[in-house]
Amino acid sequence: MSCGAPGTPSRPPAVQSGSAVPAPTIRAVLAALATTAALTLPLWLESPYFLHVVIMAGIFGVLALSLNLLLGYTGQLSLGHAAFFGIGAYASALLTLRLEWSFWLALPGAVALAALAGWLIGRLALKLRGAYFVLVTISFAGVVALVSVNWMELTNGPLGLPGVPAPTLGPWSLRGKRAYYYLVLAAVLLAYLVCRRLVGSRIGRAFVALRENEALAESVGVDVTHYLVLAAVVSAAMAGLAGSLYAHYTRFVSPEVFLFSYTVTMVIMVVAGGKGTLAGPLVGALIFTVLPEALRAVVSWQWQMLAYGVLLVLLVVFLPRGVVPAIAALRNRRAS
Amino acid sequence: MAELLQHLVNGLVLGGTYALLGIGLTLIFGLMNVVNFAHGEFYTLGAYATFAALGLAGAHFFVAVLAAIACGTALGALCELVLLRPLRAESIDTTMLVMIGVWIAMQNGELLIWGGVAKSIPHPFPTAPLVLGPVSIAPLRVFVLVLAAGLIVTAYLLIHTTRLGTAMRATFQDRDTAALMGVRIGRMHTATFAFGSGLAAAAGALLGPVFLAYPSMGDLASLKAFSVVILGGLGNLPGATLGGLLLGVAEEFGAGYVSSGYRDAVGFVIIIVVLLFRPAGLFARSERIG
């Protein structure tokens, strides 16, 4: 996994004195260990509760990766990301419940619909910047949430849609947590690879150029609107993917999927993990799904949300670049 | 016609408090370049402070409202001194994230202290409505409208006739030149944030007894304040006042003639439409934001 922020010049390999193992080997070993752990996890993690936590971490990992594409790479903060998540969840639930599509058709359907919403918001809002963009995204999410509560015929209003079917694969049902874990793992991997491919390409360099200096990027021929809309579409599609996975995992969708706290959680995950890095959102998602669950035994939910707020303030003040870049910087300092 | 007038009056009562919220936010936004997502939490604070002063300290209603305003002002000043002053050199995104953190922390702090059950705030006004021709209005709402109007006028006088107000306007127009002329920018920021928060707390203290006090009431208040600021244009005080009244009336009409379920969508739609088609606000002569 690449940890360095793109845009920072790659450092020459540090000359190591005394240590026999070069850093790339350590990194390869760590990556192999992480992969093995991820692939075999359901085999040694017996407790369904822990498996549930890991599945939720995976779904939030996809969400954090999706938000990071906008916030971390193009520098646009979307505070309406729960809307794309919710649209994905509702689309997938409605397609399977009302039209009786199979999960494997409903999933791409949900992704496409979320992407369409992303395109719409991108086309409309990305001529705005900073706070104004944030406000349009919040308002968009607000309107979508109100529609989900009020359009009874379609969404069943506040009561939600129960009985969303679990996906099946041929003769097997993916209802069990183990099977679902692998489904989510595949989605995380897909989202990660899409991000990596995108970020490493010309497109990713255009994103970063826009973030760093929009006027300069435009003057050397980067089509601002085109790239920002592209980022919004891919980001929304990934959030829709997470929404669909969430709907078929909890098997119940209600207007709660639009809760602002989902968006806040995504923002905290990205900021804490390290915006503009590939591993950051995943690390952030893991920390902020496992930590609250671990704290649940000790403190109540309200204290947790209070702690979230304080933590966000502290992170922005003391660790503004996030955990992953901080670790990378620490390692670089030690190496040189 | 009678129905229309009734909606108009109700809208103006709401709109007066929206204007209070909007004036505070537009000052903070315009002068400090801080997107204050915690603004609605000071509104919540105003409502709960009134409730606490009445219930726990047994204060008179008017004293409780004043105490709530003082409470909001003091906490606003504290917030600026502790959190925003050290970050003054940082980008607008950084302070925005910090204020989002403050928002979440304050809201859940309130949830912890007061619990999730909505509290009704007692008031000394008779409940029988005053009937003025085709329109009837509760005496409490008359009080809300009068006090809101009084506070709006106070805000104007403060900004336009006092030394502090002149310094604030100078800072808003050109911070560096103002600093060269001897204006202490740090103090202006503290004063602005405290003043804006005080106005938000006043709005909460006024609307709290009309509706109910509950921990998440600030979310919608924030969004409404933002719609007002966007309607009126950044840093535009008359714009914020008119924008507030307009939003209040538009909401009442929306709820009355379209569907009450979509009442709160009016603010959202205003934000989207105005930002897309007239981003400098309805009342600006020229475009100020790109």
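Determine whether A:Arg321 is among the charged types (D, E, K, R) and away from every other protein chain (no Cβ under 14 Å). Considered against the rule, which asks whether it is among the charged types (D, E, K, R) and away from every other protein chain (no Cβ under 14 Å), A:Arg321 comes out as no.
Let's see how each residue does on (1) part of a helix (DSSP H, G or I); (2) farther than 25 Å from A:Phe260 by Cα; (3) within 14 Å of chain A (Cβ to nearest Cβ):
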| residue | (1), (2), (3) |
| --- | --- |
| B:Tyr43 | yes, no, no |
| B:Gly58 | no, yes, no |
| B:Val65 | yes, yes, no |
| B:Leu83 | yes, no, yes |
| B:Glu90 | no, yes, yes |
| B:Leu97 | yes, no, yes |
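Please go through region A:65-106 and give me each residue that is away from chain B (no Cβ under 14 Å) and not in a helix (DSSP H, G or I), ordered by number. Of everything in region A:65-106, those that are away from chain B (no Cβ under 14 Å) and not in a helix (DSSP H, G or I) turn out to be A:Arg98, A:Leu99, A:Glu100, A:Trp101, A:Ser102. Scanning region A:256-280 for residues that are out of contact with any Phe, Trp or Tyr (no Cβ under 9 Å at 6 or more places or on another chain), outside any loop (DSSP other than H, G, I, E, B) and either over 26 Å from A:Ala329 (Cβ atoms) or of a type outside the set (Val, Ile, Thr) (or both) gives A:Phe260, A:Gly280. Sort through B:Ile113, B:Ile121 and tell me the only one that's within 14 Å of chain A (Cβ to nearest Cβ) and farther than 15 Å from B:Ala38 by Cβ. On inspection, the qualifying residue turns out to be B:Ile113. With respect to B:Gly208, is the statement that it is in a loop (DSSP other than H, G, I, E, B), more than 11 Å from B:Gly22 (Cβ to Cβ) and either at pLDDT below 85 or out of contact with any Leu (no Cβ under 6 Å at 6 or more places or on another chain) (or both) true? Judged against the criteria, B:Gly208 is not a match. If I ask for residues that are touching a residue at least 40 places away in the same chain (Cβ under 8 Å) and of a type in the set (Ser, Thr, Tyr), which ones from region B:124-160 would you list? B:Ser136, B:Tyr156, listed by residue number.
Residue count for region A:118-136, restricted to those that are more than 7 Å from chain B (Cβ to nearest Cβ) and without any contact (Cβ under 8 Å) to a residue 12 or more places away in the chain: 1. Within region A:143-156, being in contact (Cβ under 8 Å) with a residue 60 or more places away in the chain and either among the small types (Gly, Ala, Ser) or surrounded by fewer than 14 Cβ atoms within 10 Å (Cβ to Cβ) (or both) holds for A:Ala145, A:Ser148, A:Leu154.
Restricting A:Val29, A:Val62 to residues that are outside any loop (DSSP other than H, G, I, E, B), under 18 Å from the mean Cα position of the chain (by Cα) and either among the β-branched types (Val, Ile, Thr) or surrounded by fewer than 24 Cβ atoms within 10 Å (Cβ to Cβ) (or both) narrows the list to A:Val62. Would you check which residues across region B:132-155 are closer than 18 Å to B:Gly204 by Cβ and hydrophobic (A, V, I, L, M, F, W, C) and list them? Result: B:Leu140, B:Phe143, B:Val144, B:Leu145, B:Val146, B:Leu147, B:Ala148, B:Ala149, B:Leu151, B:Ile152, B:Ala155. The conditions of being within 13 Å of chain A (Cβ to nearest Cβ), among the β-branched types (Val, Ile, Thr), closer than 24 Å to B:His60 by Cβ and assigned to a helix (DSSP H, G or I) are not met by B:Ile104.
The values are calculated or read from the model by the stated rules, or taken from the named source; none is laboratory data. Because the structure is predicted, anything quoted here is derived from the model rather than measured. For neighbour counting, all protein chains shown are included, and Cβ atoms are generated from backbone atoms with ideal geometry for every residue, glycine included.
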